[in-house]
Amino acid sequence: MASASKKENQNIYILHTYPFKETSLIVEMLSKEFGRIAVAAKGARRPRSSLRGMLLPLQPLQATWSGLNELKTLHSIEWSDRFLSIEGDALICGFYLNELMMRLLPKDDPHPALYDHYHQAVLALSKNKGLSVTLRRFELRLLQELGYQVPLNNDIHGRIIDFDKTYIYHADSGPLEGKGLEGSVEISGKTLIDMAADNYQDPLTEKQSKQLMRYLINHYIGDKPLHSKQLFMAAGE
């Protein structure tokens, strides 16, 4: 039974760590095959621990762990690719991605496609270009992978979005032709069509998609604010 619980050399990213007992850490990891899981890194806070320098966020890693309970035991962790240099505003964006995953992704709920989207977002952040578009793409894919409806091609009546019209976007139902209703976001048909086509080249599309995704993310995470939002405010995101 114990041997069957061991998962070896699994592709992971570290989302968050926090102290556990006197010398250990709880490590929240995103695994491609097993979703978001929590492991105990025993002795990781000791100066000579082999794990100490490896528990880095925003780096593609491979981990081995075991356990059948919610909290598993980390045995080893290794590099799976080159070290990614992510600094400045890109690093703040990475913290934001990780906080979104911690807030929205349930534990032990595998989403291999979401892992791939996250991996691509991290690689994009390492290039330190087009950060806003990288965030918009990931936010949209995150909500879609988790099963939230984000209609972009049709309005709430099933009509195809018109390029030239203006819509009000409601989180619970989608776009409705009109303007200026409280508790919703005004957005052009062109922006919705561009987002559906993964095209963020138009500055207005980039601006309106940011407003829409901020509205939707805030709706789904609830009243508790994101810590990374304070960093964004300082960075002007």
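The values are calculated or read from the model by the stated rules, or taken from the named source; none is laboratory data. Please read all numbers here as calculations on a predicted model, not as lab measurements. FYI the Cβ positions are ideal-geometry reconstructions off the backbone, even for glycines, and counts take in every protein chain you see. With ligands, DNA and RNA removed, areas are computed over all heavy atoms of the protein, side chains included. Shrake-Rupley method; radii C 1.70, N 1.55, O 1.52, S 1.80 Å.
Side notes on the structure shown:
- Translational diffusion of the range 1-122, µm² s⁻¹ [Kirkwood Rh, Cα pairs; Stokes-Einstein; 25 °C; 0.890 mPa s]: 168 µm²/s
- Given R0 = 35 Å, the distance between the Cβ atoms of E206 and E78 translates into a calculated FRET efficiency of 0.40.
- Förster radius 45 Å - calculated FRET efficiency between N9 and H157, Cβ distance, rounded to 0.05: 0.35
- Rg over Rh, two decimals, the range 78-121 (C-alpha only, Kirkwood Rh): 1.00
- You can think of it this way: the chain between D223 and L71 has 52.0 nm of extra reach, that is 0.36 nm per residue less the Cα-Cα gap.
- Distance between modelled label sites at Q144 and A113, nm, 7 Å Cα→Cβ extension: 0.8 nm
- With the simple spin-label model, which puts each label point 7 Å out from Cα in the Cβ direction, the K21 to N199 separation comes to 5.7 nm.
- Put simply, the range 97-237 fits an ellipsoid with semi-axes of 24, 17, 16 Å; these come from the alpha carbon gyration tensor as the roots of five times its eigenvalues, largest first.
- Of the GluC sites (Glu not before Pro) found in the range 51-95, those that fall in a DSSP loop while having at most 15 other beta-carbon atoms within 10 Å are E70, E87.
- Cα gyration tensor, the range 5-45 - rounded (a/c under 1.5), prolate or oblate: prolate
- Estimated 222 nm signal from helices in the chain, with DSSP H stretches of n ≥ 4 weighted -39500 (n - 2.57), rounded to 500: -11500 deg cm²/dmol
- For the chain, built as a Gaussian network whose Cα springs stay under 10 Å, the top-fluctuating residue of L58, L143, L30: L143
- Rounded, prolate or oblate (a/c below 1.5 giving rounded, otherwise prolate when a/b exceeds b/c) for the range 26-90 by Cα gyration tensor: oblate
- Put a plus charge on the Cβ of each Lys and Arg, a minus charge on the Cβ of each Asp and Glu, and nothing anywhere else: the dipole of the chain about its Cα centre is then about 1000 debye.
- The alpha carbons of the range 74-159 give a radius of gyration and a Dmax of 15.2, 54 Å, in that order.
- Loop-located GluC sites (Glu not before Pro) in the range 111-207, at most 15 other Cβ atoms within 10 Å (DSSP): E182
- Estimated D of the chain in µm² per second, where Rh is the Kirkwood radius over Cα pairs and Stokes-Einstein applies at 25 °C, 0.890 mPa s: 127 µm²/s
- Cross-link pairs exceeding 25 Å between alpha carbons, from the set K72/K224; K107/K190; K6/K107; K179/K207; K72/K127; K127/K190: K72/K224; K107/K190; K72/K127; K127/K190.
- The angle between the Cα long axis of helix 131-145 and the main principal axis of the chain comes to about 80°, on a 0 to 90 degree scale.
- Peptides 97-107, 116-126 ranked from most to least packed by the mean count of surrounding Cβ atoms within 10 Å: 116-126, 97-107.
- Area accessible to solvent at R137, 1.4 Å probe radius, in Å²: 80 Å²
- Using only alpha-carbon positions in the range 162-206, the gyration tensor eigenvalues give semi-axes of 18, 10, 9 Å once each is multiplied by 5 and square-rooted (largest first).
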